[in-house]
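Take a look at the structure below.
The values are calculated or read from the model by the stated rules, or taken from the named source; none is laboratory data. Computed from a predicted model, the values in this text were never measured in an experiment. Here the Cβ is made from the backbone with ideal geometry for all residues, glycine too, and neighbour counts use every protein chain on show.
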Amino acid sequence: MSLAEKYPKEVKQILAKYPPEHKRAAVMPLLYLAQRNDGYVTKDAMKDVAQMLEITDTDVASIVGFYTLYHDEHKSKYYMQVCTDLPCALRGADQFMENLCEHLGIQVGETTPDGLVTLEAVTCLAACDKAPMFQLQGPDGLEYHEDMTLDKTLELIAALKREDKQ
Amino acid sequence: MSYVVLRHRDIPGIDKLDVYEKNGGFAAWKKVVTGMKPEDVTKTVKDSGLRGRGGAGFPTGMKWSFMDNKNWPHYVVANADESEPGTFKDREIMEKNPFQFLEGLAIASYAVGANVSYVYLRGEFWPVAAILDEKIAEMEKAGYLGNKLFGTEYSLKIFTHLGAGAYICGEESAMLESLEGKRGQPRVRPPFPAAVGLFGKPTLINNVETFTNVPMILSNGADWYKGMGTADSAGVKVFSLSGRVRKPGNYELPFGTTFRQLIYEHGGGILEGRPVKAIMPAGASSSLIVVDDKTLDMQMDYATVRTLGADLGSASVIILDDTISIDWVINKTIHFFRHESCGKCTPCREGTYWMQTIADRMKHGQATSDDVDLLRNVALQMRGKCLCPLGDFSTMAVVTGIERFPQDFKLPVKA
Amino acid sequence: MTKQVTLTIDGKQTTVPEGTLVVDAAKTVGIDIPVFCYHPKMEPVGMCRMCLVEVGRPVIDRATNQVVMENGQPKIQFLPKLETACTNKVEDGMVVLTQSEKAKAGQKSTLEFLLTSHPLDCPVCDKGGECPLQNLTMAHGPGQSRFLYDEKMHLAKHVPLGELIWLDRERCIQCARCIRFQDEIAGESVLGFDERGRSTQIVSISDPGFDSVFSGNTTDICPVGALTTADFRFGARPWELQASASICTQCPVGCNTTLNTRREAKEDGEIVVKRVMPRQNEEVNEIWLCDKGRFAHHYTESKVRLTKPMVRKEDKLAKVSWKTALDLAGEKLGEAKAKSVVLASGRLSNEDLFNLKALADGLGAQAILYSDMGGGDLVAQVGMTQGSNLGALGKGDAIVVIASDLYEEAPIWWLRVKQAAERGATLIVANPRATKLDRFATFSVRYAYGDEIKTVQNLGRKSKIGDAFAKANNAVIFFGSEGLGLNGSTNLAAACAKLLEETGHIGKPNNGLIGVWQRVNDQGAWEIGFQPEADLATALKGKVVYVVGADPTGDDPALAKALNGAKFVIAQDILETATTEIADVVLPAQAYNEREGTYTSGERRVQRFYPAVPVTGEARPDFVITAQVAKQAGVIMEGISVSIAFDILAASVKSFEDLNYAKLAEVKEQWPQVGRSELYYGGTTYENKQGLGVQLISGAQRGETVSLPKVQKETALRPKEKELLAVPINKLYDRGLTVSPAELLDQRVGEATVALHPTAAENLGLKAGQRVKISFDGVSGEAVVKLDESISTGVALVPRSMGIAIREPALAKVK
Ligand SMILES: Cc1cc2nc3c(=O)[nH]c(=O)nc-3n(C[C@H](O)[C@H](O)[C@H](O)COP(=O)(O)O)c2cc1C
Ligand code: SF4
Ligand code: FES
């Protein structure tokens, strides 16, 4: 089922933002929509978007490849992206990350054994005054968690687990 | 003093339309559309001495006057990409004082005759985009946006557009490419956006904070604004203070405030009361300022900071104390720029990668003093040859770090 | 006339048109500024940073607005940073330094950066020897790298981007030339960059991979060995190759080519063609070639090449001496005189066809062109004429393409027409179904198969489209044979010619009629006086048939029957065919790349080709064989050497008047300069040193009174309700004799297909991909169902030369 069929309202809204003769501009919002739908950007979604915007599949793929917030494979339901950039690192982000890895028993870039959360180190998220912090990318979008501690984080993960169960 | 940009700190609930209106919100907008010629709006902004808050510090009014009036339509794009490590002011503005930012964007749109404007936000800001979409809808309902505003012929629509994780999209030409649905890679300039911008049309690009200053300037007049700050840097600036201070955060202060005031009066001093070792006034892109008592009393404005061998940029002030070793710092900045290099031009694509291999060798104790020289050489070799400023940005901390803090780069001489 | 600008580069002064880029201006005074991403045929992007130079401008005094002078010289202010010569346009008084310490240092550093991730595997690289990166490294690369080799990124070296083109990710320097070629020039952006930064790499996710008939060109302009063709990679080192000028034989465009040859051990020491390269002719193919021209050349090496004359003895073909074969052939023709027929195809050269025509005339016999498409005689009158160049068409001009899918039938014309449209020409694409040209059309006109004439006549009426055409400064019409047989196409040509005449678009350069023929030299055959025959079968019955370069028996059961009924069959060809098998005398001919000759392109440009490889067996050139047969038949013929044959042709055929081999070999300087492996790098395309050819003057321009036939009312069958009309269309990669031997193309040739409208398919209970039997008047064959929404429900599209003999529309059954 194509995006246009599944989300007629959203697609219409998105296309309305840009001049019709430049509808290619809608590629990024449409890819977000596709990613929300499938958890990642599938090959079929790329084809679908390409057709909608009259560009080639390769054009779309090269957009997906350029931007880090699009995933072209399914790793996990959630992505916990900890900022370890300079300002956060000056406030203990690296240490925080280390502890987190230790408790989850995985390395940066790896996914928890239950396949729920992938832990990633990312560059500055514009929350430098609230380190340690991370963003949680999930099915229903993306949220910041600031001034975090190890315990608060582990609780959060536990909550995600429970929610995932039912 | 009362706030100009971070007014939500004076006025709780200013992110509600009625509260904002009660506090003079959209008065300037109405006055402009119903009573002012576009060029007069531009002139007021010119006279106010407002300079761009995105980093380059370019005189805002002058930029507005550059728009090519032989080529239509015109567009305005608000740069809300805020990706410079150490910068976190635009997010607070958009979350807490959204209407003032949108009003400023609207006024700019009127001044350059744009009927469609975009807010380009970094992808991580999608909750912020959701807020803005809500506020934009409220403004349309209340008749502040849409067709034939206030019974005039002027119409304006504002749309948000989310990036998807790419620092380079903060560079204005890359941002336009991204907004056009392409890979966010910088364009060769000239032509500049004021001539050939979004969809090939003349386009004005300003930073969120820049726009947010505008309504107050039009309400209170250019002289009122010029009255604040210093001769070369008029008005107030939101300083994003981060690093080894007790109270990191955004501080709106007049240009000319000293580093000492920012760090000690507002930032609560350094953690564990340690001494300041170095300051990066413009985030990861800045040169490292060697700090002694004298520098702490230097004023923060574009001209003065330049005399310290650095740029104020977007005033994302990162504080380093004596527990921090500079080789560690540049390893961080190098990794950042290597990760964010778009890959379009050779020196940046290859240079950032090369610098990273050397920096990591140093980090893992496999390096000799030759590697320090090589690192500095590679950085210098990148300078002035890249397609956009990112390449040069990536060398600032490296070169100044090695040159100004040699003691942090003492390595065994190659046998 | 554009404003001229004067500047100084390394002390040399040059004056060039305003808007010229510094890098091109430098080339005009022999200064090579090294480039990688810049290509003179594409928009500059300034990304590789190789072309860094110092740029200075005269200082202007604000007050007086005068140039400030300094001891007699204008004071020059140099820009603080190095500038890219490929993005900076020239300015009056500009001073450029390409060799200053600063400039050299800048170029050197870019080179060093590139080499930090380039494998430098030149010894095993196909580009070695014609690679600007290699040359630069030799010139002033860093002796030994300051970059530790073991820190190099190692990437995949053999990535197929499709079955024709391979990518070596380590060699790629991310210049984006290939991507930009596909996007800007081919208009098919099937290549892109994946990821970013140091991980940036080329990808194609089209299906089939790298889905473009222009893909081979990217291997020419790739400045390193990152892109290679499956045909040539690891085939040879460029410096071992011999180069001979030739002309592509695959379609009527007549692209100029260079055949690279080498002695091959595995071909037991024979010299063979290793690759076909474009040869620059800005008025024909520029520096491009389509993949068919590049990869389909293998047919001349086919295992079934004829090597010795043969004569039928006790119903078996036996090898005999040339004398025996020629005597017999000549004798039979001599006896039969007017009761003989010469049947020849446009695969032959002008010289061959002229001798054949002379023989026919001598015998009083009919000279028949083996073709299902008519109108070439009209093209000779009102076709393209001397001084024409599709590259010159643009704003204010108009181009009509009717009953032809140019992308499939003549890709380089498709490219040239697309570019003309992009320059502002009004492009009118009239076809019963959607084709790839529609995207660039100003007007797309859909008509029902059978309504061709009405459609052309409508273009003559007052209407938005009609006016656009009538008012055009220059107008060209391409007419094809989609959905048409001989009668239909002849009639269509007449209608088009009439329209051109009425609107005053004949008899002058860049105006007139172009036939989209199926063979390289069909137009030449027409000019020389050959004509197709509507009732070929009857024409052959009971005759002594001299069939040359054609395979009627293999193509069409009806013709096979007719030939069986012939009195005596003399077959002359380069390959064994169904026709040579049933012939009484078989005469082995040389392939185009074993001999000299000329072809006449659809734009009526006469161009020479030259020998590249040794002769196969005892084969002889067609025109020689014909002359020798003629002698035995008692017809005198001097044309036994190629240039003499051409001279006689020029003396006897009006449109060839005053032409000779020397004139055809003339060249003039062309822009852009290709500069193969120089630092200013246009690609591996060859420079044209062997001749740009000469365009024939049209009858109309010679001032002859144009006599156009009356346009017949349409008689062709039309799709009706409840029955399917099978219509022929043309396909680029078909099973033609000159394609199928190239195994590399098998996948693209694919199976015979029949295209139906989805509803039509549904009514028949058929699905896409399903195998069906299609049959119409006596012919029947298997095909795979394809769906096409753009056609009417009444038709079934059957590609020509895919094993199902379809010469004109016919009522068909599909099961
Ligand atoms: C690599 C790079 C990153 C940038 N990032 C940002 C950014 O995140 N936000 C911003 O407002 N300007 C950024 N800029 C500056 C913009 O290009 C542009 O100058 C600015 O948005 C203009 O607005 P202003 O005149 O109001 O400062 C960046 C520039 C470069 C070269
Ligand atoms: S493959 Fe060749 S042409 Fe394409 S980007 Fe790489 S180096 Fe350039
Ligand atoms: S930047 Fe000029 S040739 Fe690449």
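If the Cβ limit is 8 Å and pairs must be 6+ apart or interchain, which residue in region C:661-678 that is over 21 Å from C:P238 (Cβ atoms) pairs with which residue that is aromatic (F, W, Y) and buried (at least 17 other Cβ atoms within 10 Å of the Cβ)?
Pairs that qualify, where the first residue is over 21 Å from C:P238 (Cβ atoms) and the partner is aromatic (F, W, Y) and buried (at least 17 other Cβ atoms within 10 Å of the Cβ), are C:Y661/C:F646.
Being modelled with pLDDT of 95 or more and surrounded by fewer than 23 Cβ atoms within 10 Å (Cβ to Cβ) narrows it down to one residue among C:G30, C:G11; which is it? Working first, answer last.
Values: C:G30 fails: modelled with pLDDT of 95 or more.
None of the others qualify; the one that does is C:G11.
Kindly check whether there is at least one residue in region C:143-157 that is closer than 29 Å to C:D211 by Cα, in a loop (DSSP other than H, G, I, E, B), within 14 Å of chain A (Cβ to nearest Cβ) and more than 9 Å from ligand 2 (Cβ to nearest atom).
no
Taking region A:2-23 as the search range and keeping residues that are closer than 14 Å to B:H161 by Cβ and part of a helix (DSSP H, G or I), which one is nearest to the other protein chains (Cβ to nearest Cβ)?
Within region A:2-23, the subset closer than 14 Å to B:H161 by Cβ is A:13-19, A:22-23.
Next cut, part of a helix (DSSP H, G or I) only: A:13-16, A:22-23.
On the way: A:Q13: 10, A:I14: 10, A:L15: 12, A:A16: 9, A:H22: 5, A:K23: 8 Å.
So, considering only residues that are closer than 14 Å to B:H161 by Cβ and part of a helix (DSSP H, G or I), the one nearest to the other protein chains (Cβ to nearest Cβ) is A:H22.
Output the residues belonging to region C:219-249 that are more than 16 Å from ligand 2 (Cβ to nearest atom) and surrounded by 24 or more Cβ atoms within 10 Å (Cβ to Cβ). Spell out how you get there, then give the answer.
Keep residues of region C:219-249 that are more than 16 Å from ligand 2 (Cβ to nearest atom), which gives C:231, C:234-249.
Within region C:219-249, C:S246, C:I247, C:C248, C:T249 meet the criteria.
Take C:L484 and tell me if it is assigned to a helix (DSSP H, G or I), touching a Pro at 6+ places or on another chain (Cβ under 8 Å), of a type in the set (A, V, I, L, M, F, W, C) and farther than 23 Å from C:V653 by Cα.
Answer is no for this residue.
Just checking, does region A:35-49 include any residue being in contact with a Phe, Trp or Tyr (Cβ under 8 Å, 6 or more places away or on another chain), of a type outside the set (S, T, Y) and away from chain C (no Cβ under 14 Å)?
Checked region A:35-49: at least one residue is in contact with a Phe, Trp or Tyr (Cβ under 8 Å, 6 or more places away or on another chain), of a type outside the set (S, T, Y) and away from chain C (no Cβ under 14 Å).
Counting only residues that are in contact (Cβ under 8 Å) with a residue 40 or more places away in the chain, under 19 Å from the mean Cα position of the chain (by Cα) and in a loop (DSSP other than H, G, I, E, B), how many does region B:280-310 have?
So the count comes out to 6.
C:E101 versus (1) without any contact (Cβ under 8 Å) to a residue 12 or more places away in the chain; (2) more than 30 Å from C:K292 (Cα to Cα); (3) in contact with a strand residue (DSSP E or B) (Cβ under 9 Å, 6 or more places away or on another chain): which is the lone unmet condition?
Answer for C:E101: the failing condition is (3).
Being surrounded by fewer than 16 Cβ atoms within 10 Å (Cβ to Cβ) and either touching a Ser or Thr at 6+ places or on another chain (Cβ under 8 Å) or hydroxyl-bearing (S, T, Y) (or both) is the filter here, so list the residues in region C:94-111 that pass it.
C:S100
Let's see how each residue does on (1) of a type in the set (K, R); (2) surrounded by 19 or more Cβ atoms within 10 Å (Cβ to Cβ); (3) within 14 Å of chain C (Cβ to nearest Cβ); (4) not in a helix (DSSP H, G or I):
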{"residue": "A:A61", "(1), (2), (3), (4)": "no, yes, yes, no"}
{"residue": "A:G65", "(1), (2), (3), (4)": "no, yes, yes, no"}
{"residue": "A:D72", "(1), (2), (3), (4)": "no, no, yes, yes"}
{"residue": "A:P87", "(1), (2), (3), (4)": "no, yes, no, no"}
{"residue": "A:E102", "(1), (2), (3), (4)": "no, no, no, no"}
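I'm told C:I179 meets every condition in (1) within 20 Å of C:R233 (Cα to Cα); (2) surrounded by 15 or more Cβ atoms within 10 Å (Cβ to Cβ) except one. Can you identify the failing condition by its number?
Looking at each condition in turn, C:I179 falls short on (1).
Would region B:64-82 turn up any residue that is of a type in the set (V, I, T), away from ligand 2 (no atom under 16 Å from the Cβ) and out of contact with any Leu (no Cβ under 8 Å at 6 or more places or on another chain)? Steps first, answer last, please.
Taking region B:64-82 first, the residues of a type in the set (V, I, T) are B:76-77.
Restricting the remaining residues to those that are away from ligand 2 (no atom under 16 Å from the Cβ) gives B:76-77.
Cutting the leftovers down to out of contact with any Leu (no Cβ under 8 Å at 6 or more places or on another chain) gives us none.
The answer is no, given that none of the residues of region B:64-82 is of a type in the set (V, I, T), away from ligand 2 (no atom under 16 Å from the Cβ) and out of contact with any Leu (no Cβ under 8 Å at 6 or more places or on another chain).
Is it the case that region C:225-248 has a residue that's within 14 Å of another protein chain (Cβ to nearest Cβ) and either in a loop (DSSP other than H, G, I, E, B) or at pLDDT below 95 (or both)?
The first filter runs over region C:225-248 and keeps only residues within 14 Å of another protein chain (Cβ to nearest Cβ), leaving none.
Within region C:225-248, none of the residues are within 14 Å of another protein chain (Cβ to nearest Cβ) and either in a loop (DSSP other than H, G, I, E, B) or at pLDDT below 95 (or both).
Of all residues in region C:34-78, count the ones that are surrounded by 13 or more Cβ atoms within 10 Å (Cβ to Cβ) and either within 16 Å of ligand 3 (Cβ to nearest atom) or of a type in the set (D, E) (or both).
21
Kindly evaluate B:M396 against the criterion of being more than 14 Å from chain C (Cβ to nearest Cβ), buried (at least 19 other Cβ atoms within 10 Å of the Cβ) and under 21 Å from C:A105 (Cα atoms). It would help to see each step written out before you state the result.
Numbers: more than 14 Å from chain C (Cβ to nearest Cβ): yes; buried (at least 19 other Cβ atoms within 10 Å of the Cβ): yes; under 21 Å from C:A105 (Cα atoms): yes.
Spelling it out, B:M396 is indeed more than 14 Å from chain C (Cβ to nearest Cβ), buried (at least 19 other Cβ atoms within 10 Å of the Cβ) and under 21 Å from C:A105 (Cα atoms).
Mind checking which residues of region B:166-217 are touching a strand residue (DSSP E or B) at 6+ places or on another chain (Cβ under 9 Å), away from ligand 2 (no atom under 16 Å from the Cβ), assigned to a loop (DSSP other than H, G, I, E, B) and within 12 Å of chain A (Cβ to nearest Cβ)?
B:K201
Mind listing just one residue for me: the one in region C:187-209 that is facing another protein chain (nearest Cβ under 7 Å) and within 24 Å of the chain's Cα centre (by Cα) and, of those, nearest to ligand 2 (Cβ to nearest atom)? Working first, answer last.
As a first pass, look at region C:187-209 and keep what is facing another protein chain (nearest Cβ under 7 Å): C:189-198, C:200, C:203-206.
The next check asks that each one be within 24 Å of the chain's Cα centre (by Cα); those that pass are C:189-191, C:206.
Working: C:S189: 13, C:V190: 13, C:L191: 7, C:S206: 16 Å.
Among those that are facing another protein chain (nearest Cβ under 7 Å) and within 24 Å of the chain's Cα centre (by Cα), it is C:L191.
What's the number of the condition C:V253 fails, among (1) within 27 Å of C:L587 (Cα to Cα); (2) part of a loop (DSSP other than H, G, I, E, B); (3) not aromatic (F, W, Y)?
If we test C:V253 against (1) within 27 Å of C:L587 (Cα to Cα); (2) part of a loop (DSSP other than H, G, I, E, B); (3) not aromatic (F, W, Y), just (1) comes out false.
Looking at (1) surrounded by fewer than 19 Cβ atoms within 10 Å (Cβ to Cβ); (2) within 22 Å of the chain's Cα centre (by Cα), which is the only condition C:I640 fails?
Here C:I640 clears every test but (2).
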